[in-house]
Every structure is written in C-alpha cells, then in structure tokens.
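I have placed the structure first, in the form of structure tokens, so that the comments after it can refer back to it.
The values are calculated or read from the model by the stated rules, or taken from the named source; none is laboratory data. Only a predicted model underlies this, so the values are computations on that prediction, with no experimental measurement involved. Here Cβ is always computed from backbone atoms with ideal geometry, including for glycine, and neighbour counts include all displayed protein chains.
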C-alpha cells in the first residue's frame, strides 16, 4: 500500500517484536495497531518512547476502541487512523508526521 511513496523497512507481528524492530531499524514513522498479541500496542508504544522520545507513532484502531485511542494519544502517539481506512487517509496521516 505504501510502496509507491514510502518504504516499509520492517514489520512486526506482536508488541515485543515491534520494540525490537524499532531499536534495530529506527524508522521515521511507526504504524501500530492497538490490539496485538504478547503485548498490546499502547504498552509497546510506551517502551518505544522510553527508548526514543522523538519516535513518531501512528496508531491504527477500530472505532470501537475509542477509549484505547484516547489512552494512546495521552501516552504519546503522534496521530491515529481509524480502521477500516482508505489508502489516502493513511498517506495523509503519514504526510502530517513527516
């Protein structure tokens, strides 16, 4: 989806892996779901922000997780996109963070 304008440098299947990938790759932006196995996205985001206070984290979540999105924003998420989303919505959110 992002390959036309942006390079995806890594993917993680759970929160623990997301932290390790961030430390290894140091990407410009992280897109992260709130609901993930082993460690949810908000906790993984806390760890990433402890490692790098300047990390730009874009949270993706279903509309039913409104409270979790608010918690993520208070914790330090840079922005959020509600699923399901259109490609343009994701690209616009990324552009705001760059």
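Kindly establish whether residue 7 is outside any loop (DSSP other than H, G, I, E, B) and over 14 Å from the mean Cα position of the chain (by Cα). Even if it seems obvious, please write down each step before you answer.
Details: outside any loop (DSSP other than H, G, I, E, B): no; over 14 Å from the mean Cα position of the chain (by Cα): yes.
So residue 7 fails the test.
For segment 76-98, the set of residues classified as farther than 20 Å from residue 7 by Cα and surrounded by fewer than 18 Cβ atoms within 10 Å (Cβ to Cβ) consists of 76, 82, 83, 84, listed by residue number. Among the numbered criteria (1) at pLDDT 95 or above; (2) part of a helix (DSSP H, G or I); (3) surrounded by 11 or more Cβ atoms within 10 Å (Cβ to Cβ), which single criterion is violated by residue 24? For residue 24, the failing item is (3).
Can we say residue 73 is farther than 17 Å from residue 98 by Cβ, modelled with pLDDT of 95 or more and surrounded by 12 or more Cβ atoms within 10 Å (Cβ to Cβ)? For residue 73, the condition - farther than 17 Å from residue 98 by Cβ, modelled with pLDDT of 95 or more and surrounded by 12 or more Cβ atoms within 10 Å (Cβ to Cβ) - is not met. The one condition from (1) touching a residue at least 24 places away in the same chain (Cβ under 8 Å); (2) within 21 Å of residue 82 (Cβ to Cβ); (3) more than 12 Å from the chain's Cα centre (by Cα) that residue 67 does not meet is (1).
Just one of (1) at pLDDT below 95; (2) in contact with a strand residue (DSSP E or B) (Cβ under 8 Å, 6 or more places away or on another chain) fails for residue 88. It is (2).
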